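The values are calculated or read from the model by the stated rules, or taken from the named source; none is laboratory data. Computed from a prediction, not measured in an experiment: that's the story for all the values here. Note that each Cβ is placed from the backbone with ideal geometry, even for glycine, and that neighbours are counted across all protein chains shown.
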Amino acid sequence: MNSYKIHKNLSHNDCFQAINSFKDIISNYVPSYSSVGDTRFFGFERFIDSSITRILFDLDSNFIYSHTKKKPVFQTLMMNHTYYHDTAKGSGEGWHRDSCLKKQFKTIFYLVPVSSSNGPFRVFINPRKLFNIIFKFKRRFSNEFVTFFSFLLRDESLFTSTSHGHGFSINTNLIHRGSKIISGERFAITVYSYLDEPDETIFKLSNTDLKPL
């Protein structure tokens, strides 16, 4: 079974509406999370058209069901803006996987064109079984580690797009990252989904009222 699926693009209008909503929020409220080069709002479904949310949640649920024969019990949207800073590590802050034991998936839609320069999603699609046996409980990986064990990781894929609204669902038990931004910026919406109890921090961030500036 494929580890990822490419979806039909969101419309330009949907992308621009989401970006404008983000800019309105960021001018009035404290972000849910912020690090160098990465600003995030969780629970973004509260701020965009419900029809967009339904589309994203359905695409995500259907992909997860195709892999697990289960539907997620909790979903939320995270909107983030990543941008160039000389010390930024990129979205996700380096190579990682979302879980070592539980099955984990995400659906991501770029709201702007994404090239190799402005933070494309990178993932090793087909690691050798030996890698997952040896490093079963390891979640984060340095660049040096990834380079050294590249012979076990194999098949690195880079998700880029020349158009607005490019989207895909993917198994995030695989080792992945948002690339470090060399120039420009990236706006994206990510569906966070959980097949059982959601991550406590994500759940809280998704349901807590935003703090005014």
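Restricting the search to helices (runs of 4 or more DSSP H) fully inside the stretch 123-172 and requiring at least 2 residues that are touching a helix residue (DSSP H, G or I) at 6+ places or on another chain (Cβ under 8 Å) and surrounded by 13 or more Cβ atoms within 10 Å (Cβ to Cβ) gives 150-153. On the given criteria, is K138 among the charged types (D, E, K, R) and under 28 Å from S61 (Cβ atoms)? Here the answer is no, as K138 does not meet what is asked.
Taking the listed residues V73, V114, V36, the one that is closer than 13 Å to Y192 by Cα, out of contact with any helix residue (DSSP H, G or I) (no Cβ under 8 Å at 6 or more places or on another chain) and not acidic (D, E) is V73, with no other qualifying. All of (1) farther than 22 Å from P113 by Cα; (2) among the aromatic types (F, W, Y); (3) in contact with a Ser or Thr (Cβ under 9 Å, 6 or more places away or on another chain) hold for F151 with one exception: (3). S91 meets each of the listed conditions (1) surrounded by fewer than 15 Cβ atoms within 10 Å (Cβ to Cβ); (2) of a type outside the set (A, V, I, L, M, F, W, C); (3) modelled with pLDDT under 90 apart from (1). Just one residue in the set S21, S27 is over 18 Å from I202 (Cα atoms), surrounded by fewer than 13 Cβ atoms within 10 Å (Cβ to Cβ) and among the small types (G, A, S); that residue is S27.
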